[in-house]
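The values are calculated or read from the model by the stated rules, or taken from the named source; none is laboratory data. Owing to the predicted nature of the structure, the values given are computational and were not obtained by experimental measurement. Don't worry about glycine lacking a Cβ; one is built from the backbone with ideal geometry, like all the others, and counts go over all protein chains shown. These area figures cover heavy atoms from the full protein model, side chains too; ligands, DNA and RNA do not enter into them. Shrake-Rupley method; radii C 1.70, N 1.55, O 1.52, S 1.80 Å.
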Amino acid sequence: MLTIKTHLLRTTEELLKKFPNMHLHKIIAAYPNDCYIDMEDESGMTDFQRNIKEDYNEYCITIHYHRSTIVSSEFRGIELWYSYIHLLNKYIREGTAVEDYGIDPIEFVLETPDIHVVRFSIRNSTDKQEMVVADLPKKEFLSKMIEAATRYYETMIRYQPKYAHQYNRVAKHITYIAESINNVHGEGFY
């Protein structure tokens, strides 16, 4: 079973108040469970709504397949769903795709080693050394990614209405990807 979740990073002020005398990056490394809000947690999102000041929020997207963690909270950034949507869009069109992972020298990659499998990897964009590699069921992965992205944007708009601007930048891509996945009958796209 594939599980994909989005976790928002709590505000810097909130984290420094809870962990005084520590640098933010050390807090996040040492206490990741205290640093993130699961977007499905209503009380956490209400706190987020009261404390947020920015239009762009730092977050991570975790991916678990069966009992394995594919992507953990160590990979975080701003507007990652925007990058993932562009990655998925290119993959649907071309059968392979590479996209920068936030502002770090990291990129994520989708390839097709088999008609029913997508190879998802995260690698260093300079030396191409892979940090994450997973072969996943293609249709399930693509479907779950679009479902999670849609949930993310719907939730953000509910708690931060001006976030509709960010959603509008990718809405047509989300629709295209969802339609492409649903129109495939076993074989079809890459």
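Would you say Val118 is crowded, with 16+ Cβ neighbours inside 10 Å, in contact with a helix residue (DSSP H, G or I) (Cβ under 6 Å, 6 or more places away or on another chain), outside any loop (DSSP other than H, G, I, E, B) and free of Cβ contacts under 8 Å to residues at least 40 places away in the same chain? Spelling it out, Val118 is indeed crowded, with 16+ Cβ neighbours inside 10 Å, in contact with a helix residue (DSSP H, G or I) (Cβ under 6 Å, 6 or more places away or on another chain), outside any loop (DSSP other than H, G, I, E, B) and free of Cβ contacts under 8 Å to residues at least 40 places away in the same chain.
A count restricted to region 51-82 and to residues that are touching a strand residue (DSSP E or B) at 6+ places or on another chain (Cβ under 7 Å), in a loop (DSSP other than H, G, I, E, B) and at pLDDT 85 or above stands at 3. Looking only at region 34-51, filter to residues that are open to solvent by 80 Å² or more (accessible area, probe 1.4 Å) and over 17 Å from the mean Cα position of the chain (by Cα); which one of those is farthest from His64 (Cα to Cα)? Among those residues, the one meeting the criterion is Arg50. Only one of the listed residues (Ile61, Ile106, Ile4) is aliphatic (A, V, I, L, M), under 25 Å from Arg169 (Cα atoms) and out of contact with any helix residue (DSSP H, G or I) (no Cβ under 9 Å at 6 or more places or on another chain). That residue is Ile106. Among the residues of region 63-87, those identified as open to solvent by 10 Å² or more (accessible area, probe 1.4 Å), within 19 Å of Val109 (Cβ to Cβ) and among the hydroxyl-bearing types (Ser, Thr, Tyr) are Tyr65, Ser68, Thr69, Ser72, Tyr82, Ser83.
Checking each residue in region 88-115 for being of a type in the set (Asp, Glu) and either over 18 Å from the mean Cα position of the chain (by Cα) or surrounded by 15 or more Cβ atoms within 10 Å (Cβ to Cβ) (or both) picks out Glu94, Glu99, Asp100, Glu107, Glu111, Asp114.
Could you check, for region 43-50, whether at least one of its residues is farther than 28 Å from Asn168 by Cβ, in contact (Cβ under 8 Å) with a residue 40 or more places away in the chain, in contact with a helix residue (DSSP H, G or I) (Cβ under 6 Å, 6 or more places away or on another chain) and assigned to a helix (DSSP H, G or I)? No - not one qualifying residue is present in region 43-50.
With respect to Thr11, is the statement that it is over 17 Å from the mean Cα position of the chain (by Cα), touching a residue at least 12 places away in the same chain (Cβ under 8 Å) and open to solvent by less than 30 Å² (accessible area, probe 1.4 Å) true? Taking the combined requirement at face value, the residue satisfies it.
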